[in-house]
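Please read the structure below before turning to the comments.
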Number of protein chains: 2
Amino acid sequence: MASDQTRTSILSAAERLYADRGFGDVTLRDIVAAADVNLAAVNYHFGSKDELIAELFVTRSLATNRERLNELKAAEEAGGGRADIDSILRALVGPTLRGCLGPDRERSTAARFMIRASIESVPPIRRIKNREIDHLRKFAAAMRRALPDRDEVELYWGLHFALAMAHQTIRDSERLTKLSEGLCDLDDVEGIIERIVAVSVRALTAGAPAKAPEPVAVRRAR
Amino acid sequence: MASDQTRTSILSAAERLYADRGFGDVTLRDIVAAADVNLAAVNYHFGSKDELIAELFVTRSLATNRERLNELKAAEEAGGGRADIDSILRALVGPTLRGCLGPDRERSTAARFMIRASIESVPPIRRIKNREIDHLRKFAAAMRRALPDRDEVELYWGLHFALAMAHQTIRDSERLTKLSEGLCDLDDVEGIIERIVAVSVRALTAGAPAKAPEPVAVRRAR
DNA sequence: GATAGTTTCATACAACTGTTTGAATTGCAA
DNA sequence: TTGCAATTCAAACAGTTGTATGAAACTATC
């Protein structure tokens, strides 16, 4: 067991390097050089390079998921067991956006690492992401309780679009800044969150509140 | 000049392999084996592996951009020089979605290649994508003409969100299918396009039509 | 202080990568 | 047919990668 010092310096050096240069450009030799440990230490402590990446990503994404569920639970308790749709969507996209954007996003290694993880798709991370569906199902269930009259298909599309907007804003913040020539303020995370929540809610509650989906000309509902 | 046969069989073999297995897992030796040509042929005809990937991607994305602009121009001519916001957004997201989704998406190599290109981020493709901003500016300009009263910031966010929803639907169609347990019909491309357009239009036209952005609590407009 | 278990270290390994080379082959014009 | 350029080919190159090895150094227990 012992000191754990080698282990933790590998983890933090790896996270910093991956955040700065991406997964494709960082080798084990870069990591051990930055961490000032021996090359063999990575395989000794983590088993393989992929398991090191997986451990980094699991740690961070578990933290995000925990924050999400905490916010959801708080909103449900505040609403007497049923959260309104705004709060649910805010709980879904808020933690991720707060983690990855914001004024000090140049500083936070963890945030930059998670952005990399969402841009570059490496096998160990892909495997973990595939297990996230159970987590999302909890939000789908909460949404169903908040909008019991809505057709279920509409709920899934709303959830999907909310995540899409949040995700792409993180992935492509640079393009949006360039395109708008700085007009879109990406440091204002709370503003962005409200913007995404507002659009999603509007998408979910537009048209007739009945079960029959009307707002859009859906050809085959399957 | 001669036959071009080697060149084209490299291109089509490469596109198929990249579409099937991604950029990370396909080596030049895989490609030349599938194309049944000599290893050195790739460097002889394309200069390098990156230039081969770039040529594949440029060909496909130029085709998509051309389709987009054709649709936009058609809509502007139909509207007497000014297209309505629906048509503009449809021209923006339609060609991409039609290219990548749809019932025969298992068949089309080109479509699967473009999905890979949007998921895995390799340097040659990233370089080309960065040059796409001028292309998007044309759509921003058309949107400005269609909604002259809207604040410019809102337009950029609307454009960004429309692309986000389209892009993420392509990238993560599998997750949406799993999450909704097949309820969301991803074969109905036209329905998806209408859905994304409707949400984007609603986001762009909601609230006061005045210049002052009101629908969302934006902290710092910068 | 000897011992057993853990951790570190330098080094080597084996495999794979994109690229280059220079000779052989081909196709075509004179 | 001859000559010349374009193309193809087998082979090797030079570099990098993640991983494995076995000895050395450490640490805590008895």
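Within the range A:41-73, the set of residues being within 16 Å of DNA strand C (Cβ to nearest atom) and either in a loop (DSSP other than H, G, I, E, B) or of a type in the set (Val, Ile, Thr) (or both) comprises A:Val42, A:Gly47, A:Ser48.
The residues of the range B:192-207 that are within 15 Å of B:Ser87 (Cα to Cα), facing chain A (nearest Cβ under 8 Å) and surrounded by fewer than 19 Cβ atoms within 10 Å (Cβ to Cβ), listed by number, are B:Ala198, B:Arg202.
Applying the criterion of being charged (D, E, K, R) and within 20 Å of the chain's Cα centre (by Cα) to the residues of the range B:22-64, the residue that is least open to solvent (accessible area, probe 1.4 Å) is B:Glu55.
Taking each residue of the range B:22-40 that is closer than 14 Å to B:Ile53 by Cα and looking for partners that are among the aromatic types (Phe, Trp, Tyr) and more than 7 Å from DNA strand C (Cβ to nearest atom) with beta-carbon atoms closer than 7 Å, six or more apart or interchain, yields B:Val26/B:Tyr18. Of all the listed residues (B:Ala74, B:Ala41), the sole one being small (Gly, Ala, Ser), out of contact with any His (no Cβ under 9 Å at 6 or more places or on another chain), within 13 Å of DNA strand D (Cβ to nearest atom) and away from chain A (no Cβ under 14 Å) is B:Ala41.
In the range A:69-109, of all residues being within 12 Å of the chain's Cα centre (by Cα) and either loosely packed, with under 14 Cβ neighbours inside 10 Å or in contact (Cβ under 8 Å) with a residue 60 or more places away in the chain (or both), the one that is farthest from A:Leu186 (Cα to Cα) corresponds to A:Leu92. Within the range A:5-21, the set of residues being surrounded by fewer than 19 Cβ atoms within 10 Å (Cβ to Cβ), more than 14 Å from chain B (Cβ to nearest Cβ) and within 12 Å of DNA strand D (Cβ to nearest atom) comprises A:Gln5, A:Thr6. Only residues that are open to solvent by 20 Å² or more (accessible area, probe 1.4 Å) and either at the interface with chain A (Cβ under 7 Å from one of its Cβ atoms) or more than 18 Å from the chain's Cα centre (by Cα) (or both) were counted across the range B:161-190, and they come to 8. Looking across the range A:142-157, the residues that are in a helix (DSSP H, G or I) and either of a type in the set (A, V, I, L, M) or facing chain B (nearest Cβ under 9 Å) (or both) come down to A:Ala142, A:Met143, A:Ala146, A:Glu152, A:Val153, A:Leu155, A:Tyr156, A:Trp157.
For A:Gly22, are the conditions met, namely being away from DNA strand C (no atom under 16 Å from the Cβ) and at positive phi? Answer is yes for this residue. Can you confirm whether B:Arg131 is without any contact (Cβ under 8 Å) to a residue 60 or more places away in the chain, part of a helix (DSSP H, G or I) and open to solvent by 50 Å² or more (accessible area, probe 1.4 Å)? Yes, satisfied. The set of residues in the range A:115-128 being open to solvent by less than 70 Å² (accessible area, probe 1.4 Å) and part of a helix (DSSP H, G or I) consists of A:Ile115, A:Arg116, A:Ala117, A:Ser118, A:Ile119, A:Pro123, A:Pro124, A:Ile125, A:Ile128.
The values are calculated or read from the model by the stated rules, or taken from the named source; none is laboratory data. Everything quoted here is computed from the prediction, not taken from an experiment. Note that each Cβ is placed from the backbone with ideal geometry, even for glycine, and that neighbours are counted across all protein chains shown. Note: accessible area is taken over every heavy atom of the protein model, side chains too, but ligands, DNA and RNA are not part of it. Shrake-Rupley method; radii C 1.70, N 1.55, O 1.52, S 1.80 Å.
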